[in-house]
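The values are calculated or read from the model by the stated rules, or taken from the named source; none is laboratory data. All values reported here derive from a predicted model rather than from experimental measurement. FYI the Cβ positions are ideal-geometry reconstructions off the backbone, even for glycines, and counts take in every protein chain you see. For the accessible areas, the whole protein counts, side chains as well, though only heavy atoms, and no ligand, DNA or RNA atoms are used. Shrake-Rupley method; radii C 1.70, N 1.55, O 1.52, S 1.80 Å.
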Amino acid sequence: MTVEVKPAARWEWSPLPREGSRKVDFRVLHAQGDHHAIMLRFDPDGTIDEHPHEAPVVVVCLEGAGYTSVEGETVPLKAGEQVTWPAGESHRLWTESEPMTTLLLHFQG
């Protein structure tokens, strides 16, 4: 067996190139087909727009605190907690007065 070590998909932090998002940086840890592991780093008052995904997404809050909503129901989210966004339901993630770093796991198929 040969162990293969490869670079992460997009290790450097970059502004999230999503219309409707602000004050959010991202980096892709893993991207292969429909499997993605992405970190999001929110500044205070950062947000991603409300949108659905075709598959469930698990969001793990690694540092800080913010909020998430699913189909209009808002709940706080803080370091050490996670939430699953169900497939096909609109969701959003944002911060108010403090920063937050999250890990998004999207595995379709």
Seminar exercise, completed: Between [x] -0.48, -0.72; [y] -0.40, -0.61; [z] -0.36, -0.57, the structure-derived log10 I(q)/I(0) by the Debye sum over Cα atoms at q = 0.12, 0.15 Å⁻¹ is [y]
For this session: Could you tell me the accessible area of GLU96 in Å² (1.4 Å probe, neighbours in place), rounded to the nearest ten?
Result: 100
Exercise. What net charge is computed for the residues neighbouring PRO86, neighbours being all others with C-beta under 13 Å from the C-beta of PRO86, Lys and Arg scored +1, Asp and Glu -1?
Worked result: -4
For this session: From largest accessible area down, sort ARG18, ARG27; use a 1.4 Å probe on the protein chains.
Result: ARG18, ARG27
Seminar exercise, completed: Descending packing, highest mean Cβ count within 10 Å first, for 46-55, 72-81 is 46-55, 72-81
For this session: Excluding PRO15 itself, calculate the net charge of residues whose Cβ lies under 13 Å from the Cβ of PRO15, where each Lys or Arg counts +1 and each Asp or Glu counts -1.
Result: +2
For this session: Using the heavy atoms of the protein chains and a 1.4 angstrom probe, tell me the accessible area per residue for the chain in square angstrom.
Result: 61
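What's the local net charge at LEU77, with K and R +1, D and E -1, over the other residues with C-beta under 14 Å away?
So the surrounding residues net to -3.
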For this session: Calculate one ³J(HN,Hα) per residue across region 22-33 by plugging θ = phi - 60° into the Karplus curve 6.51 cos²θ - 1.76 cosθ + 1.60, and present them in order as whole Hz with x for glycine and proline.
Result: 8, 6, 10, 10, 9, 8, 9, 8, 8, 8, 8, x
